[in-house]
1. Positive end of the charge dipole of the chain (Lys, Arg +1 and Asp, Glu -1 on Cβ, about the Cα centre): tell me which of Val7, Leu40, Val30 has its Cα farthest that way.
2. Using Cα atoms only, what is the angle between the long axis of helix 27-42 and the major principal axis of the chain, expressed in degrees (0 to 90) to the nearest 10?
3. Residue separation times 0.36 nm, minus the C-alpha to C-alpha distance between Lys44 and Met1: what's the value?
4. Classify the chain from the C-alpha gyration tensor, please: rounded if a/c falls under 1.5, else prolate or oblate depending on whether a/b exceeds b/c.
5. Quick one: length gained pulling Asp8 to Tyr34 fully straight, 0.36 nm per residue minus the C-alpha distance?
6. Rounded to the nearest 500 deg cm²/dmol, what is the calculated helix-only ellipticity per residue at 222 nm for the chain, with -39500 (n - 2.57) per DSSP H run of length n ≥ 4?
7. Using a 1.4 angstrom probe, figure out how much accessible area the chain has per residue, in square angstrom, rounded to the nearest whole.
8. Leaving ligands, DNA and RNA out of it, report the carbon-plus-sulfur percent of the accessible area of the chain at a 1.4 Å probe.
Amino acid sequence: MMSSSVVDADGIVNYATMILRNDNPRFAQVVEEYTQSIQLLSQKPE
């Protein structure tokens, strides 16, 4: 399980949690994409 929170432009905290089995054959890929998505959403828009 991975949990994250992202604050949007209005200051509202948005929570996201991913629940994934350890034996998922695409575990590493899913975790990487989740992490990249959270990082992208955490960046302030220009």
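1. Looking along the dipole axis, the top candidate is Val30.
2. With both axes taken from Cα atoms, the answer is about 0 degrees.
3. Answer, rounded to one decimal: 12.9 nm.
4. Since a/c reaches 1.5 but b/c is at least a/b, the shape of the chain is classed as oblate.
5. Extra length available between Asp8 and Tyr34 comes to 7.6 nm.
6. -11500 deg cm²/dmol
7. Ligands and nucleic acids excluded, the figure is 90 Å² per residue.
8. In the chain, the share of accessible area belonging to carbon and sulfur is 54 percent.
The values are calculated or read from the model by the stated rules, or taken from the named source; none is laboratory data. All figures in this text were calculated on a predicted structure; none of them were measured in a lab. With ideal geometry, Cβ positions are generated from the backbone for all residues, glycine too; neighbour counts draw on all protein chains shown. Heavy atoms of the whole protein, side chains included, go into the accessibility calculation; ligands, DNA and RNA do not. Shrake-Rupley method; radii C 1.70, N 1.55, O 1.52, S 1.80 Å.
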